[in-house]
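K.L.:
After the structure tokens below, expect a handful of questions from me.
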Amino acid sequence: MKKEDMKKVGAIAVIGGGVGGMQASLDLADSGFKVYLIDTKPSIGGMMSQLDKTFPTNDCAM
Amino acid sequence: MSRFQYPPNIEIVRVPCVSRVNPLFILRSLQHGADGVLVAGCYPGECNYSTGNLYARRKLLMLKSYLEYLGLEKGRFQCAWLSSAEAERFVKIAKATIESVRKLGPAKKLVRNKFNRD
Amino acid sequence: MKVIRKPRYVDPSKCTGCGLCAQYCPVESIDSYNAGMGIVPGIFVEYQQAVPLIYTINRDVCIGCGLCAQYCEADAVDYTQKERTDVLDIGAVIIATGTETYDVEPLTEYGYGRYRNVVSSIEFERILSASGPFRGLVLRPSDGVEPKSVAFIQCVGSRSLVKGNEYCSSACCMYAVKEAVVAKEHLHGLDISIFFMDIRAYGKDFDKYVERAKDSGVKFIRSRVSNIKENENTKDLRITYESDDGKMQTNTFGMVVLSHGLCTPPSSSELAEKLGVELDRFGFCRTGEFTPLETSQPGIFVSGTFQGPKDIPETVMQSSGASALSSELLVTERGSLITKAEYPPKIDVMGIGPRIGVFVCYCGINIGGYVDVPAVSKYVESLEGVVFVDTNLFTCSQDSQETIKQKIIEHKLNRVVVASCTPRTHEPLFQETCESAGLNRYLFSMANIRDQCSWVHMQTKEKATEKAKDLVRMTVAKARLLEPLERLTFDLTKRGLVIGGGLAGMTAALGLARQGYETILVERENELGGNLTHIHYTLAGEDVQELLKSLRKQIKDEPKITVHMNSEITEITGFIGNYKTKIKDKDTGKESETENGIVIVATGGKENKPTEYLYGKNEKVITQQELEVKLALNSQLSTPKSIVMIQCVGSRENEKPYCSRYCCSQAVKNALKIKEKFPEASVYVLYRDIRTYGTKEVYYNKAREKGILFIHYDEDKKPIVTEKNGVINVVLKDPVLKRDLSIDCDYLVLSPGMVPQEDNETYAKMLKVPLNQDGFFLEAHMKLRPVDFATDGIYMCGICHSPKMLDESISQANAAVSRACTILSKDRIQAEGTIAHVDIYKCAACGTCEAVCTYGAVKVVENETRTGIERYAEVTEALCKGCGACASSCRMSAIDIKGYADKDIVAMIDNF
């Protein structure tokens, strides 16, 4: 298929469901795009969900 | 959440933020025969609405000293900071509050007769 | 794109996350969520708050006993599920696969894996967590006893040419200090020492955090530990190190935490290969110096730690940035694959008394096993206003939704109460169900008789049942008074305003324009560029002036951008989607007005002017910025024999306690440039901490290889600079030799860091947004919303947020574009439903509500009313979040929150 023949698709795949993937997905969905959020784990959250608190605010990471 | 057990003597009123808690609500609860009132909000700096809990803190601390001045026993009205992820802490606080209120016995001071339920 | 979907062996449309299966599962596997320090059943969720809350069977340990399927009341277990391949049609990809922690076991000198009390920092993180293996107690793995002292070893597996990776992992200094602070909170009196080379607290408010840690007693020891030995009896650990005075010291600790670095996991490298994305020599995704979010494949973008080691705010900024760039490619397709929810016409409930329907849930046995659900239902039937009561096994299941819809229509219900779990799980689901039956979602309320009742009063079933009755009674009392609420919608102006034409401002303006929105760019100087005009090359040797030229041209060529040069903003009024801005041309004095939907603040910052070290008194004492210009323009620097650079001048002390982040890299950059041009020159860099974080660390190594000398000085022993016969002399105490070092130099170059622009205060007042203590703009949330202001519709990027590197400004500018587009892309803006409302005839216009509102959503105004000109508080619905701070502060009870009105809450109190 020639590049010119390919139609643009209004969907974006976000690979990785950590805090980065989640933020990207939310922004895209809020702006009118379909998002496929893909992760190898059974739930999203990535490494940040393992943290107790975050610096410098000492907020609970969950 | 994590199913830590605690005594069933606490009824819960849901509000969007602890800043929604009007001191008059607490008064009303006591008038209605509540033996104790517990207000729990997010830690300073963690408020979902930024500064709601800070305003609440000021208001409720003033209310606390005012209620004590009125003669309400110390320990009936309690405030606590809590994170929604701290199940165990909530249970600790709930148990401690129930215990300290239990020690004070049934509330008599601010109860209004016309509100008495059967 | 082909995606292989692994089976959960649980049907996600049926699983309610109740957890019964896990209780009966007879097998266990290692809990990887708890860093291998615990066990989970064979059917599990990673943690209680997991999204989605659907259980998964670990196929590797499952013995196929069938117990989970047997006990599952929702019939959700499905052993026949197979792996399947989905083919997705997509327009762009964002890779945000993250990082993994460096495996410290091969570093045998630290004893990890041999000594039980040597743990990795991710393990320590889990130890500190309330949901971790020790429930948040700080205990040693060897004997479960609280340690009296803990040592942190930094840079394990990082900043090493021999063992580990050469780069700096950027986050370890800060996370170690955080773990230390949290550990001290959990265990009072715990003695903590952190062994470090440099403390890289380069981010916003990081230095303040470290200082607070020091104040709370955390010890910082500048020394690289070579090995750890264990005392076989006590299992304590002995660390021998060289202290500041050159002597060897041995300290014993109960536990040691290794701050391991971050690196790319093999799965990410494999993914990169499949997608044809190139990696750099460290294994991170290769990106351009000025295109930090673009991979080598067009259409594939990257963000987060896969791009390079970084912390959470940086990741969030990059992710939003990647959203902007990926959606830019697909602007024409915006909205094409979005399905709009369709609702039937609303039932009019005004004037009709409440007809409440109550649905009491069994939740399998989660509620039903402890609360007498039939008794509760019977009791509820007797409550005033209740016309229909039903029970469900699982109210959240699909078929239950259909039942509820049916019953609403059949019994003409106009209020719905569901007594089940926490609103956090299914409130939106039930609200949707109401809407699809024609009922306004705000006529729905939930009573939590699970998490706050059956689950926590398991031993007292009778009391639990009584409490369940109480809770439902309270909720029904509130439900009687609930009113339908409209979420007001507003038109919006699809135009953006960018304040500031530097790197961030130009990038943001181009981003907005390319998303299809008209943009106004206001710059107060005669030309665009901001600080870029003084920067010539980067650490990697890229030409910054070319970038500047290119950006200026792109702005000029972009038809959707209108630039106001030499101009300033005199007034901005309005709210999200509806701003009116007045711009004044400084030369002609002419004022123009424009309307815009969002504002992006990119006012930048500028190099500070030093007030010490003879700056301003001797022309050979210059700043790094001035040096760079001289080096770039060649002619202005006579061949120097010796150059001394002093870092942290006027920074990280007194009135400016913050780190400016870029100065160490800038010094290394210029030092390398000097050596390039004048190989015989001696270059000395006097520093407090060298903060060449991330992959910039390799340039620090290169600088030392080239013979540039880095000498450490303490904050309280600053170098002394004098001038004698036109020669500048610098004296400082050498930390290794313990003697004074006296260096004569031809040039003294100072790194004074950045300060915010003076007009930040003016803009802060104009936009009603806050500044932090250091004068930079304060974001809504330091970690999770680094480009948003608390007030919706206004965003920030670049140095006005905090000093940063060029590529970081570019990422943040793109992030601001992405955030702005979430507003600009909408047809109408919708306000929340549960917002504040003022009874203007009760209002005394005291202004208390205005003072307590974080969002600037309520203001005292003066207007014509039916009783004449009145002053009263007016709510800007678009900005109100419904927190209630105003309502509880109002002395007249004039302002109230719809949905959580005084009468609603009082009804609950009256009925407890």
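The values are calculated or read from the model by the stated rules, or taken from the named source; none is laboratory data. Values in this document were obtained by computation on a predicted structure and should not be read as measured data. Here Cβ is always computed from backbone atoms with ideal geometry, including for glycine, and neighbour counts include all displayed protein chains.
K.L.:
Which condition does C:Tyr102 not pass, out of (1) under 30 Å from C:Glu230 (Cβ atoms); (2) within 11 Å of chain A (Cβ to nearest Cβ); (3) surrounded by 15 or more Cβ atoms within 10 Å (Cβ to Cβ); (4) out of contact with any Phe, Trp or Tyr (no Cβ under 7 Å at 6 or more places or on another chain), if it passes all the others?
P.N.:
Answer for C:Tyr102: the failing condition is (2).
Rundown of residues vs (1) more than 30 Å from C:Ala813 (Cβ to Cβ); (2) charged (D, E, K, R), yes/no style:
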site: C:Ile598; (1), (2): no, no
site: C:Asn608; (1), (2): no, no
site: C:Val629; (1), (2): no, no
site: C:Lys656; (1), (2): no, yes
site: C:Gln666; (1), (2): no, no
site: C:Asn670; (1), (2): no, no
site: C:Arg688; (1), (2): yes, yes
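K.L.:
Collect the residues in the stretch C:74-115 that are at pLDDT below 90 and of a type in the set (Ser, Thr, Tyr), keeping them in residue-number order.
P.N.:
C:Thr108
K.L.:
Here is a follow-up. Need the failing condition index for C:Leu492 against (1) outside any strand (DSSP E or B); (2) touching a strand residue (DSSP E or B) at 6+ places or on another chain (Cβ under 8 Å); (3) under 26 Å from B:Ile12 (Cβ atoms), just the number.
P.N.:
For C:Leu492, the exception is condition (3).
K.L.:
Looking at this structure, is C:Thr403 out of contact with any Gly (no Cβ under 6 Å at 6 or more places or on another chain), within 14 Å of another protein chain (Cβ to nearest Cβ) and either assigned to a helix (DSSP H, G or I) or surrounded by fewer than 16 Cβ atoms within 10 Å (Cβ to Cβ) (or both)?
P.N.:
no
K.L.:
Hey, another quick one. Taking the options C:Thr315, C:Thr332, name whichever one is at the interface with chain A (Cβ under 9 Å from one of its Cβ atoms), closer than 19 Å to C:Val93 by Cβ and surrounded by fewer than 18 Cβ atoms within 10 Å (Cβ to Cβ).
P.N.:
Just one listed residue meets the conditions, C:Thr332.
K.L.:
Does any residue in the stretch C:767-791 that is away from chain B (no Cβ under 13 Å) come within less than 6 Å, Cβ to Cβ, of a residue that is surrounded by 21 or more Cβ atoms within 10 Å (Cβ to Cβ) and among the hydroxyl-bearing types (Ser, Thr, Tyr) six or more places away or on a different chain, and which pairs are these?
P.N.:
Qualifying pairs under 6 Å: C:Asp774/C:Tyr658; C:Phe776/C:Ser802; C:Val787/C:Tyr795.
K.L.:
In addition: Of the numbered conditions (1) within 9 Å of chain A (Cβ to nearest Cβ); (2) without any contact (Cβ under 8 Å) to a residue 60 or more places away in the chain; (3) of a type in the set (S, T, N, Q), C:Gln70 fails exactly one; give the number of that condition.
P.N.:
Only one criterion in (1) within 9 Å of chain A (Cβ to nearest Cβ); (2) without any contact (Cβ under 8 Å) to a residue 60 or more places away in the chain; (3) of a type in the set (S, T, N, Q) is unmet by C:Gln70, namely (1).
K.L.:
Something else about it: Restricting to the stretch C:146-173, what's the tally of residues that are among the aliphatic types (A, V, I, L, M) and surrounded by fewer than 24 Cβ atoms within 10 Å (Cβ to Cβ)?
P.N.:
Qualifying residue count, the stretch C:146-173: 2.
K.L.:
Anything in the stretch C:630-658 that is among the aliphatic types (A, V, I, L, M) and either in contact with a strand residue (DSSP E or B) (Cβ under 9 Å, 6 or more places away or on another chain) or assigned by TED's automatic domain parsing to the domain that holds C:Arg212 (or both)? List them, or say none.
P.N.:
C:Leu631, C:Ala632, C:Leu637, C:Ile643, C:Val644, C:Met645, C:Ile646, C:Val649
K.L.:
State the number of residues belonging to the stretch C:792-804 that are outside any helix (DSSP H, G or I) and either at pLDDT below 90 or more than 14 Å from chain A (Cβ to nearest Cβ) (or both).
P.N.:
7
K.L.:
Pairs needed: first member in the stretch C:886-912, of a type in the set (S, T, N, Q); second member anywhere, not in a helix (DSSP H, G or I); C-beta distance under 6 Å; at least 6 residues apart or different chains.
P.N.:
Cβ pairs passing all conditions: C:Ser888/B:Val21; C:Ser888/B:Asn22.
K.L.:
Just to check your reading of the model, which residue among B:Arg28, B:Arg58 is over 17 Å from C:Asp902 (Cβ atoms), of a type outside the set (A, V, I, L, M), in a helix (DSSP H, G or I) and within 11 Å of chain C (Cβ to nearest Cβ)?
P.N.:
Going through B:Arg28, B:Arg58 in turn, just one is over 17 Å from C:Asp902 (Cβ atoms), of a type outside the set (A, V, I, L, M), in a helix (DSSP H, G or I) and within 11 Å of chain C (Cβ to nearest Cβ): B:Arg58.
K.L.:
Considering every residue within the stretch C:130-149, establish whether at least one is in contact with a helix residue (DSSP H, G or I) (Cβ under 7 Å, 6 or more places away or on another chain), farther than 19 Å from C:Val45 by Cα, at pLDDT below 90 and among the small types (Gly, Ala, Ser).
P.N.:
Yes: one or more hits.
K.L.:
If we keep just the residues of the stretch C:144-173 that are within 14 Å of chain A (Cβ to nearest Cβ) and in a loop (DSSP other than H, G, I, E, B), which is farthest from C:Asn233 (Cα to Cα)?
P.N.:
That would be C:Ser170.
K.L.:
Quick test of your reading of the structure: C:Lys378 fulfils all but one of (1) away from every other protein chain (no Cβ under 14 Å); (2) part of a loop (DSSP other than H, G, I, E, B); (3) surrounded by fewer than 21 Cβ atoms within 10 Å (Cβ to Cβ); (4) without any contact (Cβ under 8 Å) to a residue 40 or more places away in the chain. Name the failing condition by number.
P.N.:
Answer for C:Lys378: the failing condition is (2).
K.L.:
Please go through the stretch C:510-531 and give me each residue that is part of a helix (DSSP H, G or I) and touching a residue at least 60 places away in the same chain (Cβ under 8 Å), ordered by number.
P.N.:
C:Gly511, C:Leu512, C:Arg514, C:Gly530, C:Asn531
K.L.:
Does C:Val51 count as assigned to a strand (DSSP E or B) and at the interface with chain A (Cβ under 7 Å from one of its Cβ atoms)?
P.N.:
So C:Val51 does not fit the description; no.
K.L.:
For the stretch C:227-260, give me the residue count where each residue is in contact with a Lys or Arg (Cβ under 8 Å, 6 or more places away or on another chain) and not in a strand (DSSP E or B).
P.N.:
Summing the residues that are in contact with a Lys or Arg (Cβ under 8 Å, 6 or more places away or on another chain) and not in a strand (DSSP E or B) in the stretch C:227-260 gives 6.
One line per residue, one yes/no per condition, for (1) of a type in the set (Lys, Arg); (2) over 30 Å from C:Val498 (Cα atoms):
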position: C:Asn608; (1), (2): no, no
position: C:Thr639; (1), (2): no, yes
position: C:Cys648; (1), (2): no, yes
position: C:Glu653; (1), (2): no, yes
position: C:Cys659; (1), (2): no, no
position: C:Ala671; (1), (2): no, yes
position: C:Ala681; (1), (2): no, yes
position: C:Arg688; (1), (2): yes, yes
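K.L.:
Take the residues in the stretch B:42-55 that are farther than 13 Å from C:Gly884 by Cα and touching a residue at least 12 places away in the same chain (Cβ under 8 Å), then tell me which one is nearest to the other protein chains (Cβ to nearest Cβ).
P.N.:
In this case the residue turns out to be B:Glu46.
K.L.:
Take B:Lys103 and decide whether it is touching a helix residue (DSSP H, G or I) at 6+ places or on another chain (Cβ under 9 Å), away from chain C (no Cβ under 13 Å) and charged (D, E, K, R).
P.N.:
No: the conditions fail for B:Lys103.
K.L.:
Any residue in the stretch C:275-294 that is among the charged types (D, E, K, R) and surrounded by 22 or more Cβ atoms within 10 Å (Cβ to Cβ)?
P.N.:
Checked the stretch C:275-294: no residue is among the charged types (D, E, K, R) and surrounded by 22 or more Cβ atoms within 10 Å (Cβ to Cβ).
K.L.:
Hey, among C:Lys669, C:Lys677, which residue is surrounded by fewer than 23 Cβ atoms within 10 Å (Cβ to Cβ) and either hydrophobic (A, V, I, L, M, F, W, C) or touching a residue at least 12 places away in the same chain (Cβ under 8 Å) (or both)?
P.N.:
From the options C:Lys669, C:Lys677, the qualifying one is C:Lys677.
K.L.:
Another question, then. Every residue in the stretch C:410-460 that is among the aliphatic types (A, V, I, L, M) and either assigned to a loop (DSSP other than H, G, I, E, B) or within 14 Å of another protein chain (Cβ to nearest Cβ) (or both), please.
P.N.:
C:Leu413, C:Val417, C:Val418, C:Ala419, C:Ala437, C:Leu439, C:Met446, C:Ala447, C:Ile449, C:Val456, C:Met458
K.L.:
Also: Could you check how many residues of the stretch A:6-54 are touching a strand residue (DSSP E or B) at 6+ places or on another chain (Cβ under 7 Å) and more than 7 Å from chain C (Cβ to nearest Cβ)?
P.N.:
Residues meeting the conditions: 5.
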